[in-house]
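What follows is a single structure, written as structure tokens, with notes after it.
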Amino acid sequence: MKYELFQSIYDRAALRHGGKKHLESMLSVPLSPAQLDQHTDDRWLAAFSQKVFQSGINWQVVRNKWPGFESVFFGFDIEKMLLIHDEMWEEKAKDTRIIRNFGKVMTIRENALMISECQASHGSFSHFVASWPNDDIIGLWAYLKKHGARLGGNTGPYTLRAMGKDTFMLTRDVEGYLRHHEIITTGRDTQSAWKAAQAAFNHWHEESGRSYTEISQCIALSVN
């Protein structure tokens, strides 16, 4: 596979967004593994839950309600989430301080269980994520999709990005670029598409020394 030079992608993005200085100001810098490891696991559960609730609804509506979520779900304390009995979950799903969607509310319990299992095997969920190699970030996507609740598609990757994990994103613009250059030719969420995208981003990362996050953003900003 012959990939476009990352410098060409970068230059095109800079040209379209007011020059290199302005482009650099638009790029996100991911956290280091040591910084990621400092997150407490309740913040991971909160982040997953927020992204789940934002799916299919105006994001700002969810943000406005979020203090209510923090209160209703005890700050997303993992141990407390696992101690809540079924009847209490039903009551919490009716609380007017949150967005009342029973199916999405129940993902909080399921994702708390996933995090708890990672705590048992890795000490903390943060350490589990921090130690996952970026050159196989699709493996982490697959883990979240398999072991979590409603963390497939872009929900899991968006959460990782929001929490500072270095990851590329298969947004519409990035997917469009990869298809135009025939890097991916199958459905976006197929293993073949993920592996092809990972290989391309690994190549650009080695070529440029840039993070996967920055490369992904530059691609998105380079297209019409």
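Observations on the structure shown:
- Being open to solvent by 50 Å² or more (accessible area, probe 1.4 Å), out of contact with any Gly (no Cβ under 8 Å at 6 or more places or on another chain) and modelled with pLDDT under 95 is a condition met by no residue of the range 149-164.
- A count restricted to the range 119-143 and to residues that are touching a residue at least 60 places away in the same chain (Cβ under 8 Å), surrounded by fewer than 22 Cβ atoms within 10 Å (Cβ to Cβ) and assigned to a helix (DSSP H, G or I) stands at 7.
- Residues in the range 57-83 that are closer than 18 Å to LYS94 by Cα and either touching a His at 6+ places or on another chain (Cβ under 9 Å) or among the aromatic types (Phe, Trp, Tyr) (or both) were compared, and the one that is most open to solvent (accessible area, probe 1.4 Å) is PHE74.
- Count of residues meeting criterion [part of a loop (DSSP other than H, G, I, E, B), without any contact (Cβ under 8 Å) to a residue 12 or more places away in the chain and within 19 Å of VAL223 (Cβ to Cβ)] in the range 3-54: 2
- Filter pass, SER116 being open to solvent by 50 Å² or more (accessible area, probe 1.4 Å), part of a helix (DSSP H, G or I) and more than 25 Å from SER25 (Cα to Cα): no
- Each residue in the range 84-100 was checked for being more than 22 Å from the chain's Cα centre (by Cα), surrounded by 12 or more Cβ atoms within 10 Å (Cβ to Cβ) and in a loop (DSSP other than H, G, I, E, B), and 6 of them qualify.
- Of GLN35, GLN50, GLN54, all but one fail to be open to solvent by 60 Å² or more (accessible area, probe 1.4 Å) and either at pLDDT 95 or above or in the same structural domain as PHE128 (by the TED database) (or both); the exception is GLN35.
The values are calculated or read from the model by the stated rules, or taken from the named source; none is laboratory data. Remember, it's a predicted structure, so these values are computed and weren't measured experimentally. So basically every Cβ, Gly included, is an ideal-geometry build from the backbone, and we count neighbours across all protein chains shown. To get the accessible areas, we keep the full protein, side chains included, count just its heavy atoms, and leave off ligands, DNA and RNA. Shrake-Rupley method; radii C 1.70, N 1.55, O 1.52, S 1.80 Å.
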